[in-house]
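Reading through the structure tokens given below for one structure.
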Amino acid sequence: MAEKQITVTSPLMPNLDELNQYLQDIWQRKWITNNGHYHKELEKALCEYLDVPYVSLFTNGTLPLITALQALRITGEVITTPYSFVATTHALWWNGIKPVFVDIDPTTGNLDPDQIEAAITPRTTAIMPVHVYGKPCDTERIQEIADKYGLKVIYDAAHAFGVKVNGTSILNAGDMSTLSFHATKVYNTIEGGALVMHDEQTKKRIDYLKNFGFAGETEVVAPGINSKMDEMRAAYGLLNLKQVDAAIEARHQVAIKYREALRDVEGITFFDDMPGVKHNYSYFPIFVDAEKYGMTRDELYFKMKEQNVLGRRYFYPLISTFSTYRGLDSAKPSNLPNAHKMADEVICLPMHHALSEEDVQRILELIVK
Ligand SMILES: Cc1ncc(COP(=O)(O)O)c(C=O)c1O
């Protein structure tokens, strides 16, 4: 019989008795959504935990992207990366904006700042980079370019919960940053997300936009959407916040073991920690050089799958190859060689807080020959 399944991730879930106490309180208050008690508490707690000035909660991590673009009145063309989850580019489509794909830096997986300027046209209004796998983008370089050309910067920080550079939250970079609290993320509210912004006025406007555009009882100021987080998920999120540090440390220990065992395996590479960065170990991608390793990425991926070890080819295929976007000039493979190479070589190994020593050894035995 096949050994037990090892999944690529496992959700961090609060203690059920503690959650039950919060639920009883919600049942008594009878205020179950629309900026309720736990919603306000979670926004406050996240500002503190993440060390950011303002947070607005959302029902998922896609709607904050769509809403940030709407709030900043971004139009025309936006420079972005093909090496991400498809929601990043979809957010542009939902706003009627043309995505312009720029290649990634092969050493980080993030949008390559050296290639951004060549893609700017008179119609460019913003840059939308992603901190892929929670690895910080070169935010200084990107801001310099944005300032030079008068562009806005919206970071898709779906993977970057709690990540800091030299003691400062990465979420403070750019004009706004978005987070996803999906079940698969380091920190989750089952489904959920947030927008991080710098000032109270912007927070107010975002709060209108996620509530149909209502500014008060009788006034609607924009065609907003309904993206409000309910009280039950906010309560779940408050409890998960108490255990997220321990979960990140458990992930860190897994990363240490993976790196130790894989460092000398010919044809397998991975990212090391970056100096000055507090990482969240949200993913552990490895890259398979078929010639040196003697097996292709897909051969290894399916070999693991046969043994009930589920990796994930994340991000494969590239966003720029999907039918919705492949007709764009910037989507041509010749424009995106680094992104194609990474997408063809990547496997994200199982990575979560509950992986046992035994699990890690079983995974490694399949890779280390
Ligand atoms: C980079 C990136 N952006 C956006 C999203 C969308 O977040 P959600 O699934 O919470 O809508 C995800 C989630 O999977 C993601 O990985």
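We did not get these values from a lab; they are worked out from the coordinates using the rules stated. None of these values were measured; they are calculated from a predicted model. Neighbour counts run over all protein chains shown; Cβ positions are idealised from the backbone, glycine included.
Please give the net charge around G192, taking every other residue with its beta carbon less than 14 angstrom from that of G192, where Lys and Arg add +1 and Asp and Glu add -1. Numbers along the way, then the final one.
Numbers: positive: K185, K210, K228, R233; negative: E43, E191, D230, E231.
Charge balance near G192 sits at 0.
So for the pair V221, T33, with labels modelled 7 Å out along Cα→Cβ, what separation do we get in nm?
Label-label distance for V221 and T33, simple model: 2.3 nm.
What whole number of Å gives the distance from the Cα centroid of region 192-238 to the Cα centroid of region 14-45?
One Cα centre to the other: 17 Å.
Enumerate the lysines that K30 could reach by cross-link, defined here as Cα to Cα under 22 Å, with residues fewer than 8 away along the same chain left out.
K40, K44, K210, K228
Could you sort 128-135, 300-307, 348-355, 311-318 so that the peptide with the highest average Cβ count within 10 Å comes first and the rest follow in order? Don't jump to the answer; show the numbers that get you there.
Numbers: 128-135: 25.6, 300-307: 15.5, 348-355: 21.6, 311-318: 20.0.
So the peptides 128-135, 300-307, 348-355, 311-318, ranked by packing, come out 128-135, 348-355, 311-318, 300-307.
Expected output is a single nm value to one decimal: the length gained when fully extending between E144 and W93, i.e. 0.36 nm times separation in residues minus the C-alpha distance. What is it?
Numbers: separation 51, 0.36 × 51 = 18.36 nm, distance 2.62 nm.
The span from E144 to W93 would gain 15.7 nm if fully extended.
At 0.36 nm per residue, and after removing the present C-alpha to C-alpha distance, how many nm does the segment from I190 to K204 gain when stretched out fully?
Numbers: separation 14, 0.36 × 14 = 5.04 nm, distance 2.52 nm.
Value of the extension gain: 2.5 nm.
What does the convex hull of the alpha-carbon atoms of the chain project to on average, in nm²? Don't skip to the answer; put the middle values down first.
Details: hull surface 78.5 nm².
For the chain, averaging the hull's shadow over all directions gives 19.6 nm².
Using the reciprocal of the averaged 1/r over all distinct C-alpha pairs, how large is the Kirkwood radius of region 290-335 in Å? Provide the component values of the computation, followed by the final result.
Working: mean 1/r = 0.0787 Å⁻¹.
Kirkwood radius, region 290-335: 12.7 Å.
Assuming a viscosity of 0.890 mPa s and a temperature of 25 °C, what translational diffusion coefficient in µm² per second does Stokes-Einstein assign to region 221-306, Rh being the Kirkwood radius over Cα pairs?
On the way: Rh = 16.7 Å.
Calculated translational D: 147 µm²/s.
If you bin the C-alpha pair distances of region 125-214 every 5 Å from 0, what whole percents do you get?
Computed distribution, short to long bins: 3, 14, 21, 23, 21, 13, 5, 1.
With the convex hull built on the Cα atoms of region 239-369, state its orientation-averaged projected area in nm².
Working: hull surface 41.9 nm².
Averaged projected area of region 239-369's Cα convex hull equals 10.5 nm².
Could you give the spread of the C-alpha atoms of region 166-299 along their three principal axes, from largest to smallest, in whole angstroms?
Here the Cα extents, ordered largest to smallest, are 66, 32, 30 Å.
Using just the helices of the chain, give the 222 nm mean residue ellipticity in deg cm²/dmol: DSSP H runs with n ≥ 4 each add -39,500 (n - 2.57), and the total is spread over all residues, rounded to 500. Numbers along the way, then the final one.
Working: 11 runs with 132 residues, N = 369.
Calculated mean residue ellipticity at 222 nm is -11000 deg cm²/dmol.
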